[in-house]
Amino acid sequence: MELNDANLQTLTEFLRKTLDPDPTVRRPAEKFLESVEGNQNYPLLLLTLLEKSQDNVIRVCAAVTFKNYIKRNWRLVEDEPNKISDADRTAIKANIVNLMLSSPEQIQKQLSDAISIIGREDFPQKWPDLLTEMVTRFRSGDFHIINGVLRTAHSLFKRYRHEFKSNELWSEIKLVLDTFALPLTELFKATIELCQTHATDVNALKVLFSSLTLISKLFYSLNFQDLPEFFEDNMETWMTNFHGLLTLDNKLLQTDDEEEAGLLELLKSQICDNAALYAQKYDEEFQPYLPRFVTAIWNLLVSTGQEVKYDLLVSNAIQFLASVCERPHYKHLFEDQNTLTSICEKVIVPNMEFRSADEEAFEDNSEEYIRRDLEGSDIDTRRRAACDLVRGLCKFFEGPVTAIFSGYVNSMLAEYAKNPGENWKHKDAAIYLVTSLASKAQTQKHGITQANELVNLNEFFVNHILPDLKSPNVNEFPVLKADAIKYVMIFRSQLPKEQLLQAVPLLITHLQAESTVEHTYAAHALERLFTMRGPNNTTLITPAEMAPFTEQLLNNLFKALAVPGSVENEYIMKAIMRSFSLLQEAIVPYIPTLIGQLTHKLLLVSKNPSKPHFNHYLFESLCLSVRITCKANPTTVGSFEEALFPVFTEILQNDVQEFLPYVFQVMSLLLEIHSNSIPPSYMALFPHLLQPVLWERTGNIPPLVRLLQAYLEKGGATIASSAADKIPGLLGVFQKLNASKANDHQGFYLLNSIIEHMPPESITQYRKQIFILLFQRLQSSKTTKFIKSFLVFVNLYCVKYGAIALQEIFDSIQPKMFGMVLEKIIIPEVQKVSGAVEKKICAVGITKILTECPAMMDTEYTKIWTPLLQALIGLFELPEDDSIPDDEHFIDIEDTPGYQTAFSQLAFAGKKEHDPIGDAVGNPKILLAQSLHKLSTAFPGRVPSMLSTSLNAEALQFLQGYLQAASVQLV
């Protein structure tokens, strides 16, 4: 694509179409852009548009498209084509910083993100001048430019907060500090001076305060891994100014908005974070400054209002206190009973209250409420911070804190009892307090695992939780009902089983609640209870105990899915999956009606898949329905296919990328249930499964390979007779996978199934070509994973076609090739093979080479005979060699960049391990003994003399044991 006006015009038109609400206009435009993004100059055209287009909408659209293009394609991945030419890469890096700094803020943000994506891959090695280019801009005095630099630096250095320590990381941070720390400190001091100069100019202050917030964020990132010497030397400058900013209150920066945090709040929140970082990690160096920060933050907490805009500030301030109070040498600051009472009264209790903003979220934004309350993304909520502070204080002062709060809890409950309708929020706070007091350690799997001995959880459950669960009107006081359900869920490992069983039918009733939060919590609580394990590793709650409630459980769960707001509720779907898994054959009578509801739901969500977890559990539930029903009666598989195939066909026709890996897994499951034939409906689909476009997407590869294996297993002969013209396509798939380091093992799975299930004559003409491809790959890039798979394949070939056939095909490619493979690959590498079935295949294959291949006894191959036997005895007796060379760090399939659907394995579509040799060989050691006995009768005297001259003593001893066990001897 040339950089000319015609192309810019074309691109502008297509970008405009991508914003069209009509999918018939939008989709083709998106497809067009996708098709040209591999062309040289494409990114430069986008950059030209975002700089020069007269239309602001097109500029922003070009910026977003450019950022997403960089996100998908910048990273170089082995086996994947490089879509950005080197010339384009150089041009982008040469121009992007300037462009970013001269663009309006909306575009600046997109380009800043793009720089940090490029930086993550190329900085510092391939982009050494990035930092110096940025730092020189600090001197410009233009804060639009300075903030652009700061924003980019922030997105570039943010990762230091969660990277693992490594020498590479240290040297990168050192380089950054050497270039950046001093200019950043100078800029910090200068900006604070400017704030004083412009103290009355509100517009200047807004720009300066956003700079200070970004500088504070950079301080956090650069100090996170370790305390840099530079910052230790300049601690006085930073901490004195941070402290000054914490206590500053400028009327001009106060906002009227109650929801949105203002610049002042954002800056102070970040400073609280910075102080907490130093208090936790560098407490010795920070000690001189700590008392004044504790005082400043305490005053901040006591004087800040309940409005939502202060939430982040208050929660960060409380988190600071929480991190300080659990450090042993700050203990003295909190020891005084009055201090503890004051913290409880002025900080903890007020921030546990259920505010009207929480009530609004509960009713109108239930998804966000659930995410914060259940999934712990409430890191920045006041309640969560107050809870953490309670836990921190309990570390040293459990007794006094519990005593203070018990008084509060009792008075709150007494208030509620006086007038429940008016005072229900008091009970809500009481339950929250009890929960935060009682919980010491928590896991996702078991709920609370360690509880405060001073809180009687059972008594509280019986007196205050159960009455709410039992109340006949499920829609009254929904917040308290949700609290009660959450209590059962959190303390499920602490409450006795009989109380949990008492709760189950009550939770099933709560699935009918109108409140989204309430019925979601009920579904989640049931799902968690159903996963609990009893003493003998069975489920704690048994299908028999669930029998009286089964029908109501399934009814209520499916009804809840129809409630507006819960149409794609992942918690309900997960509870359906878990109920099927727990109840097993008890669900069979209900499946005919339920499968219709599940497929209807699948059809709806496939139109616009937006909830990945919901979709995953939906497919898991489909797999369970199939598995459980067909286990009881395999012939029902046909009725499942009738129900599912129309939806599957639509998904395949519309190329719903997110769902294809799931559809292939469910189809494999269905096909594997059939007895040994392939139904015509599957054969009609077979050619489509070989289309190259399907194999381009990494997420499709594992499930497609499994599906093709199912085809081969059930109908290798059918394919050979009625679809022989598709065999080259099948081998083409193997060829593509064989060339990829990430997916070569999948290629071998396919190849092994072809060898095992296809009639030998149908692939005779291709065999030599297959081996040539494998040898080329061995020469070009030999990895441990490839060699292990290669060994299994060679031995499976030998088991299937015989040792003579194996020797002949090797020697037909190149004379004496058979000996080279034995000597260079099989003998030195066989110890690396892992997996019981894989080892068995290799053992049987090598035994056949040793005892059924005449060339091993009377040509120059004879010298390899004893080392090969020695290697086989090693495979039986020595530990597996799991060493991997240093230069082989495989790319994980999951690690592909961009937004491709990674492969999502369905747990309930699992495949049984398959043993191609089966019962034909029970114990390979006995087989070796019997085969050697047979060989020695054909060549009397030869075998014992070969053994005595060159087999080592230990191996000989093992071999004697095999011969004794098989009751045979060598002649």
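The values are calculated or read from the model by the stated rules, or taken from the named source; none is laboratory data. As the structure is a prediction and not an experimental result, all values here were calculated from the model. Please note: Cβ atoms are built from the backbone with ideal geometry, for glycine as well, and neighbour counts cover all protein chains shown. Each accessible area value is taken on the protein alone, full model and side chains, heavy atoms only, with ligands, DNA and RNA left out. Shrake-Rupley method; radii C 1.70, N 1.55, O 1.52, S 1.80 Å.
The table below lists the values:
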| item | result |
| --- | --- |
| Contact order normalised by residue count of segment 753-898, Cα under 8 Å, 6+ apart, percent | 26 |
| Relative contact order for segment 175-302, counting Cα pairs under 8 Å that sit 6 or more residues apart, in percent | 28 |
| Segment 275-314: C-alpha pair distances exceeding 17 Å, % | 41 |
| Coarse-grained scattering of segment 212-333 at q = 0.13, 0.16 Å⁻¹, given as base-10 log I(q)/I(0) from a Debye sum over alpha-carbon atoms | -0.50, -0.75 |
| Average Cα contact separation per residue, the chain, under 8 Å, 6 or more apart, as relative contact order % | 6 |
| Size of segment 745-882 as Cα extents on the principal axes (Å, biggest first) | 37, 35, 29 |
| Ellipsoid semi-axes in whole angstrom, largest first, where each is sqrt(5λ) of the Cα gyration tensor of segment 34-171 | 23, 22, 12 |
| Modelled FRET efficiency - R0 41 Å, L956 with Q765, Cβ distances, 0.05 increments | 0.40 |
| Equivalent ellipsoid, the chain (semi-axes from 5 times Cα gyration tensor eigenvalues, Å) | 58, 39, 32 |
| Tensor-based shape of segment 291-448 (alpha-carbon gyration tensor, a/c under 1.5 rounded, otherwise prolate or oblate) | rounded |
| For T539, residues with placed amide H under 5 Å, excluding near neighbours | G534 |
| Residue-normalised accessible area of the chain, expressed per residue, 1.4 Å probe, Å² | 44 |
| Interchain or long-range residues, amide H under 5 Å from Q450's placed H | K440, A441 |
| Cα centroid separation, segment 265-338 to segment 679-740 (Å) | 62 |
| Rounded, prolate or oblate (a/c below 1.5 giving rounded, otherwise prolate when a/b exceeds b/c) for segment 1-105 by Cα gyration tensor | oblate |
| Ratio Rg/Rh, restricted to segment 672-779 and using Cα atoms, in which Rh is the Kirkwood radius | 0.95 |
| Residue-averaged [θ]222 nm for the chain, counting only DSSP H segments that reach four residues, each worth -39500 (n - 2.57) | -22000 deg cm²/dmol |
| Where the Cα pairs of segment 49-92 fall when distances are cut into 10 Å bins, in % | 26, 42, 25, 6, 0 |
| Burial order of peptide ranges 761-767, 207-213 (average beta-carbon count within 10 Å, highest first) | 207-213, 761-767 |
| Neighbourhood charge, 11 Å Cβ-Cβ cut-off, centred on A482 and excluding it, Lys, Arg +1 and Asp, Glu -1 | -3 |
| Rounded if a/c under 1.5, otherwise prolate or oblate - segment 550-709, Cα gyration tensor axes | oblate |
| Helix axis angle, 105-122 relative to the chain longest principal axis, alpha carbon, degrees | 40 |
| Solvent-accessible area, 1.4 Å probe, carbon plus sulfur percent, for the chain | 52 |
| C-alpha long axis of helix 497-510 to longest principal axis of the chain, angle in ° | 80 |
| Cα-centred dipole magnitude for the chain, charges only on beta-carbon of K, R (+1) and D, E (-1), debye, nearest 20 | 2200 |
| Tilt relative to the chain, helix 784-801 - C-alpha long axis, 0 to 90 degrees, to 10 | 30 |
| Cα coordinate range in segment 740-786, projected on the principal axes (Å, largest first) | 31, 18, 13 |
| Dimensionless Rg over Rh [segment 469-528; C-alpha; Kirkwood] | 0.93 |
